[in-house]
Amino acid sequence: MMDLTASQFKEIKKKVGTVLLPIGMMETHGPHCSLGTDVWIPREFVKRLDKLIGDKVLIAPEVPYGHSWALAPFEGTIDISAETFSQYVYEIGKEFNRNGFDEVILFNGHGGNIPSLMIVAEKLADLNMKVLTINWWTDYREQILGITKGPGHGGEDETSLVLAIDEKLADPSLAGDWKVSLNPKLKFFNMGKTLYKDGYMGDAGSATAEKGERLYEMMIELILKDIEELWKLQSNSEL
């Protein structure tokens, strides 16, 4: 969308009804990974998807900021309140709907955004939009564990995906394997300092670019299947 003129945008709307909105976060990912990790990874997925289905979707500019309550105490985290973030993303989706798009893909790269995006998806569906929300690390966790054994924030899977983009963006030698057992039902002040310690969780020291490339290739196929499910709704007159 960034490259289009208004007249080109008008023409594309005649044949494309789906907009893909990448959503990330600027936050700490330990001493070893870029603050922009949650932006870099969706951006890479979108770049690869654009080569495969770029004629069927409009790629919207990304939302680089989100909500990160647990990691707000750490340096480099830019935390937007859940209320502001969810309303902002909803307004973006509503504007694309007003511009003639009936389907939206919310391609999320950050765990703290999930509760807000669940609300956004329901509100956009109430506008009669069809919504697909993708949270790659949870949606495809079973398959991810076949490649990397230590998922987690800034962990083996996420760090590997960053290394596959550019090895200058992460240095696994600066991280180890940090895990803590904590009841997910609990919330307390500065909980993230206990849960993440140095701003990450998982076996980040085992991350490699090769694992990251395998993860991208595997998940791209699964993402395409999910998008096909979204498009199938278009032909179902009862929905």
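At a glance:
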item: Filter pass, residue 208 being of a type in the set (Val, Ile, Thr) and out of contact with any helix residue (DSSP H, G or I) (no Cβ under 8 Å at 6 or more places or on another chain); result: no
item: Selected residue [at pLDDT 95 or above, under 19 Å from residue 96 (Cα atoms) and assigned to a helix (DSSP H, G or I)] from 46, 16; result: 46
item: Helices (runs of 4 or more DSSP H) wholly inside region 63-152 containing at least 3 residues that are surrounded by 19 or more Cβ atoms within 10 Å (Cβ to Cβ) and modelled with pLDDT under 95; result: none
item: Some residue of region 202-210 being open to solvent by 20 Å² or more (accessible area, probe 1.4 Å), out of contact with any Leu (no Cβ under 7 Å at 6 or more places or on another chain), of a type in the set (Asp, Glu) and farther than 26 Å from residue 106 by Cα; result: yes
item: Region 173-214: number of residues that are in a helix (DSSP H, G or I), at pLDDT 90 or above and out of contact with any Ser or Thr (no Cβ under 6 Å at 6 or more places or on another chain); result: 8
item: Residue in region 178-200 that is nearest to residue 216 (Cα to Cα), counting only those that are of a type outside the set (Gly, Ala, Ser) and open to solvent by 90 Å² or more (accessible area, probe 1.4 Å); result: 179
item: Some residue of region 153-161 being of a type outside the set (Asp, Glu), farther than 23 Å from residue 83 by Cβ and surrounded by fewer than 16 Cβ atoms within 10 Å (Cβ to Cβ); result: no
item: Residue tally, condition within 19 Å of the chain's Cα centre (by Cα) and under 24 Å from residue 132 (Cβ atoms), over region 2-35; result: 8
item: Checklist (1) closer than 24 Å to residue 17 by Cβ; (2) touching a residue at least 24 places away in the same chain (Cβ under 8 Å); (3) not aliphatic (A, V, I, L, M) applied to residue 47, failing item; result: (2)
item: Test result for residue 168, of a type in the set (D, E, K, R), without any contact (Cβ under 8 Å) to a residue 40 or more places away in the chain, within 23 Å of residue 32 (Cβ to Cβ) and open to solvent by 60 Å² or more (accessible area, probe 1.4 Å); result: yes
item: Condition check for residue 55: assigned to a helix (DSSP H, G or I) and either open to solvent by less than 40 Å² (accessible area, probe 1.4 Å) or not aliphatic (A, V, I, L, M) (or both); result: no
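The values are calculated or read from the model by the stated rules, or taken from the named source; none is laboratory data. Remember, it's a predicted structure, so these values are computed and weren't measured experimentally. Note that each Cβ is placed from the backbone with ideal geometry, even for glycine, and that neighbours are counted across all protein chains shown. Only protein heavy atoms, including side chains, enter the accessible area calculation; ligands, DNA and RNA are left aside. Shrake-Rupley method; radii C 1.70, N 1.55, O 1.52, S 1.80 Å.
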